Each structure stands twice: as structure tokens, then as C-alpha cells.
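What follows is a set of notes on a single structure, which appears directly below.
Coordinate-derived values only; no laboratory data. Every value quoted in this text rests on a predicted model; they were computed, and no experiment measured them. Reconstructed Cβ throughout: ideal geometry from the backbone, glycine too, with neighbour counts over all protein chains shown.
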Amino acid sequence: MQGGERLGVEVGGGELSFPVRGMVIVSTVRRPSPSECEAPRQPHSSLQCLVELVRADATKGVGDTMSTQSEPGHDRPDPGLGAIMSERRQLINLAYRLLGSLADAEDAVQEAYARWYAMSQQQREAIESPGGWLTRVTSRICLDLLGSARARRERYVGEWIPEPLPDRREWISGRSGGTTVDPADRVTLDESINMAFLVVLESLTPAERVAFILHDVFGYAFAEVAEIVGRTPAACRQLASSARRRLRPSQAPATPTAQRAGIVRAFKQAWQAKDIGALIGLLDPDATAIGDGGGLVGVAELRPIQGGEQVARVAVEVAARAPDLTILERTVNGQPGLVVQQDGVTVAVLAFDVAGDRIKRIWAVRNPEKLRHWTTG
């Protein structure tokens with residue numbers, strides 16, 4: 001068994017994990033009996049019952065297999081934990097792109113699993129595609145959350161920026177115990193999760209965003225999208241088309257990654273040297289810097305900073321006020337970015353939008369609730 005490889009199942013705010021041998025291997029999952037699921041005078045849920053059964057099987061050393069057993073009299077095998085949990089990565093990828101928040105995405109996916117296990121065995125067996133069912137339910141939960149998120153973000157203190165994602169080497173679990181988790185199990189890093197793209201997605205209506213992400217990013221047919229958003233396929237086609245029109249003005253030709261990395265590195269060096277002239281030279285004259293402290297840190301994030309010269313001056317002022325800051329080059333949402341640490345603790349994550357050889361936008365996330373997946377050292 002290779003060290004550090006574990007299968008994790010998150011439920012009820014905690015994580016159940018056990019070792020695997022170079023691949024995802026789970027123990028056989030038994031169908032719960034009434035006595036196992038109904039503890040007298042104890043709060044109960046189907047999902048909690050599932051976790052207890054998996055924990056019991058793992059400790060008993062039940063055979064390592066992806067297959068599941070069915071009870072006598074059942075012609076079809078029970079869609080077991082292995083098959084169901086294998087959908088988690090896809091669901092998290094979808095939910096993060098829909099919501100822009102990994103915390104909300106995890107909650108949405110967990111709710112979908114709770115609804116799956118709240119059904120009876122007979123109801124689950126009647127579903128031909130558990131993955132398709134989970135995708136539909138997760139998408140509908142996200143659609144509802146997007147509607148309420150707009151109201152929440154209107155009350156949010158200062159600017160709201162999507163939660164930044166680290167490179168796998170910087171990933172750390174936000175759950176208790178600090179268990180390291182491979183981010184590849186969470187979100188696939190590609191152009192559809194870079195910060196500039198996610199920020200523009202915030203301008204779409206909930207229905208436009210769901211239709212666009214499901215069809216254009218994940219390749220679902222409009223007939224399938226229609227079942228999720230409660231519209232006709234033709235209406236969903238129009239929603240996606242409207243989303244494309246709104247996104248098009250923001251889609252500038254991509255600067256090569258190596259060039260972006262060089263510009264971000266030069267910005268870091270100029271920032272550390274407090275070289276305002278060099279900073280101005282790296283910033284577009286109309287550059288904008290946006291901070292997100294969530295009302296939990298500082299007051300400077302309440303309004304965007306406009307203009308390359310002003311952004312440079314504020315950066316130099318920050319460096320002068322906190323000379324003990326450590327600035328690290330890191331991958332942020334699949335793009336070159338910076339992580340700022342103080343006394344070994346991550347206090348800010350910066351994402352950049354680079355056009356040509358100039359920085360057009362900087363997003364600085366300082367809200368500690370959005371930095372839970374970044375290492376502290």
C-alpha cells in the first residue's frame with residue numbers, strides 16, 4: 001500500500017477515509033437492516049446510517065471490491081457506495097463552476113447524496129443512471145442556491161470574489177484534522193475555472209449560468225438541460241446563446257502561460273522592492289484591483305482601486321506597512337498567481353488577468369473563510 005492514498009467520504013461536516021492501493025477500492029456495502037438504521041431515541045438519517053456501515057465494513061476488513069451485493073429476491077444489484085461515490089468528482093466540478101464557491105459546491109453535492117440515500121432501496125434500484133440522477137439533483141440545488149446567493153451577496157460587505165483554488169501541491173483539507181486531499185479529486189483545473197471567467201459568470205442570471213455551464217462546458221444536450229432548469233429545450237438554447245453574447249466581450253486572446261508567469265513574477269519582484277515605477281510599467285493604465293475581505297479583515301476592500309498608477313501606489317503602501325510579508329508564486333485557479341503569507345499563515349491570494357504584456361485586473365482574496373484550502377506553511 002502506498003502511503004498517503006486514501007478514499008474520503010465527506011458527510012455531516014466530517015470525513016470518513018480509509019487506505020486504498022493505488023486506485024479507488026471500497027469495501028462491500030451491506031444493505032442496512034431496520035435495527036442497524038433505527039437506534040432508539042437517537043437522531044437518524046439515511047446518510048448517517050450509510051457512514052456507520054462503511055466504517056464497520058472497513059474495520060472488519062471486508063473484501064476489497066467495487067461490486068455490491070444484493071439481497072435474495074432482488075434481480076438487480078444495489079447501486080453501492082463505490083459506484084455512487086465515483087460521481088463525486090464530476091459533481092464537485094459542476095457545482096463549483098455553477099456557484100463559484102467550493103464550500104457551497106461541497107454542500108450542494110452532499111445534499112444531493114443525502115437525498116439519494118433518503119430514498120428507499122426499491123426507489124434507488126428503479127433509477128437506471130444514478131450518476132444522471134445525482135447530476136440533475138445537484139444542478140437543481142445549485143440553481144436554487146444561485147437565486148438566494150444574489151440576495152446574500154447584496155448584503156455581503158465589500159466586493160465578492162469567487163473562492164480561489166490552489167494547485168494540488170498547495171491543497172489542504174478544510175475539514176477537521178487537516179487531512180491532505182488531492183485537488184484533482186475536487187476540481188479539474190482548466191480555462192472554465194480561471195478567475196476572470198468565474199467573475200464574468202457572476203453577471204449571468206441563474207438560468208443562463210446553469211444552461212451555459214451544462215451545455216457549453218460539460219456537453220449536456222439541451223433536452224437534458226431543459227429537465228434541470230424547467231424550461232423547454234428551445235428556451236435553454238436561447239439561455240445559453242444569451243450567456244455567450246454576454247461573455248464574449250470579456251474573452252480576449254489568451255496570453256501564453258509562460259508569459260503570464262513571467263509578468264506575475266516581475267510584479268512580485270517589483271512589489272517586494274517597492275519599485276513603484278516598475279509596477280506602473282507592468283500594469284495597464286486602466287488596471288483595476290479588487291479586494292475581498294468579507295468584512296472580516298481590513299476596510300480597503302470595500303471599493304475597487306482604479307488606474308494602474310493608483311494600484312501601484314497602494315501595493316507599495318501595503319508592502320511598507322507590513323515588511324514581514326512573504327510573497328510566493330503559486331497557481332491560482334489554474335493560472336499564475338501570488339500567495340501572501342504573514343508569520344507562515346496565508347493572508348491573501350492574488351489572481352491576475354493579463355492581456356498582452358500588461359496586467360488588467362488583480363483579484364485579492366483576503367476573506368479567511370475563502371482561504372481554508374490553502375496551506376499555512
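Numbers for the structure displayed
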quantity	calculated
At 0.890 mPa s and 25 °C, Stokes diffusion of segment 221-265 via Kirkwood alpha-carbon radius, µm² per second	189 µm²/s
Given charges at Cβ of Lys, Arg, Asp, Glu: segment 250-294 dipole, positive-most of 278, 294, 251	278
Nearest-20 debye value, segment 257-370 charge dipole, Cβ charges on Lys, Arg, Asp, Glu	120 debye
Relative contact order (%) - criterion: Cα under 8 Å, at least six apart; region: segment 193-319	17 percent
Chain lengthening between residue 153 and residue 227 when straightened (0.36 nm per residue, less Cα-Cα)	23.9 nm
Qualifying GluC sites (Glu not before Pro) in segment 92-144, DSSP loop, other Cβ atoms within 10 Å at most 14	128
Intensity falloff of segment 203-244 expressed as log10 I(q)/I(0), Debye formula with alpha-carbon point scatterers, at q = 0.14 Å⁻¹	-0.21
Global geometry of segment 257-370, whether rounded, prolate or oblate, following the gyration tensor of its Cα atoms and the 1.5 cut on a/c	rounded
Relative contact order computed over segment 257-370 (Cα-Cα under 8 Å; 6+ residues apart), in percent	30 percent
Cα→Cβ-extended label distance, 7 Å offset, between residue 118 and residue 266, nm	5.5 nm
Cα-Cα separations in segment 336-377 greater than 11 Å, expressed as whole percent	66 percent
FRET E, pair residue 328, residue 355, Förster distance 25 Å, beta-carbon r, rounded to 0.05	0.55
Förster radius 41 Å - calculated FRET efficiency between residue 276 and residue 244 (Cβ-Cβ, nearest 0.05)	0.55
